[in-house]
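Have a look at the structure below before the remarks.
The values are calculated or read from the model by the stated rules, or taken from the named source; none is laboratory data. Just so it is clear, the model here is predicted, and its values are computed rather than measured. Cβ: placed from backbone, ideal geometry, glycine included. Neighbour counts: every protein chain shown. Protein only, heavy atoms only, side chains kept; ligands, DNA and RNA dropped before computing areas. Shrake-Rupley method; radii C 1.70, N 1.55, O 1.52, S 1.80 Å.
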Amino acid sequence: MASVEVDISMSVDGFITGPNTDDFPGLGQGGEILHAWVHQDPDRRALLDDALFATAGAVVTSRKIYEGTGGWGEDGFYRMPVFVLTHRPHDQVLKGDTTFTFVTDGIDSAIRQARAAAGDKKVHVMGGASLIQQALSAGLVDSLHLHVAPVVLGAGTRLFDTLVTSIELERIEVVESRFATHLRFRIVK
């Protein structure tokens, strides 16, 4: 069965967006710095290939993220099945090699469908915060891959804001770069 890994960028103080997401849709005010490792790091292609494209067979994300990115452009970016958790039904969307399936019956169903599609590869849970919190609370996540940007935002959307139970982690990997420290943890179950 496919393992499930949360994969997301965040600030040192735990925010995955900057403040004022209503006025600055997507990453919030100043939130683009969280993804500088993707856009400015000369080794980013290797990081993306290793962290996502080479190991993943499916992605789970939220409707808000899907809409905020415009469905990741004309080609859909991922080149694999993407399962979009939503409360509003929507027809399946095909963009290049990326298929977007909109799941309305909860996080368990989205993860189950993504696992089936991923085969022996990983399922990457990309966010947003509410979706990640739901997956963690339901015990559906096997590992966390956090890209910690060297910035304190002070406000925004906190990644772990509503978790009600502690989660024990085992550090698997640390990769340092100028634009982020990439931390991978196994969730101890």
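Treating the beta-carbon of each Lys and Arg as +1 and of each Asp and Glu as -1, no other charges, what is the dipole magnitude of the chain about its Cα centre, to the nearest 20 debye? All intermediate terms of the calculation are to be shown ahead of the outcome.
Details: 17 positive and 24 negative charges, 61 e Å.
With Lys and Arg at +1 and Asp and Glu at -1, about 300 debye.
Sorted by accessible area (1.4 Å probe), largest first, how do ARG115, ARG171 line up? Show your work: numbers first, answer last.
Values: ARG115 55, ARG171 165 Å².
Sorted by accessible area, descending: ARG171, ARG115.
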- Note on the structure: Regression test value, accessible area per residue of the chain, probe 1.4 Å, units Å², expected 51 Å²
- Message: Just want the answer: with Cβ charges of +1 for Lys and Arg and -1 for Asp and Glu, which residue in HIS182, ALA118, LEU140 is farthest toward the dipole's positive end in segment 90-189?
- Response: HIS182
- Which of ALA2, TRP37, ALA56 sits farthest toward the positive end of the charge dipole of the chain, with +1 on the Cβ of Lys and Arg and -1 on the Cβ of Asp and Glu? ALA2
- Item | Accessible surface ranking that places the most exposed of ASP13, ASP105 first, with a 1.4 angstrom probe | ASP105, ASP13
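Taking the convex hull of the alpha carbon atoms in segment 49-159, what volume per residue do you get, in Å³?
Output value, Cα hull per residue: 119 Å³.
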- Work out from phi, with θ = phi - 60° and the Karplus expression 6.51 cos²θ - 1.76 cosθ + 1.60, the ³J(HN,Hα) of each residue of segment 172-179, listed in order in whole Hz, and give x for Gly and Pro. 9, 7, 9, 10, 9, 9, 5, 9
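Quick one: with all protein chains in place, what share of the accessible area of the chain is carbon or sulfur, to the nearest percent (1.4 Å probe)? Before the final figure, lay out each step's value.
Values: 4890 of 9620 Å².
C and S fraction of accessible area: 51 percent.
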- Task: Determine how large the accessible area of LYS95 is when every protein chain is in place; take a 1.4 Å probe and give Å² rounded to the nearest 10.
- Result: 40 Å²
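Given the rule -39500 (n - 2.57) for each run of at least 4 DSSP H residues, summed and divided by the residues of the chain, what is its mean residue ellipticity at 222 nm, to the nearest 500 deg cm²/dmol?
Numbers: 5 runs with 36 residues, N = 189.
Calculated from helices alone, the mean residue ellipticity at 222 nm is -5000 deg cm²/dmol.
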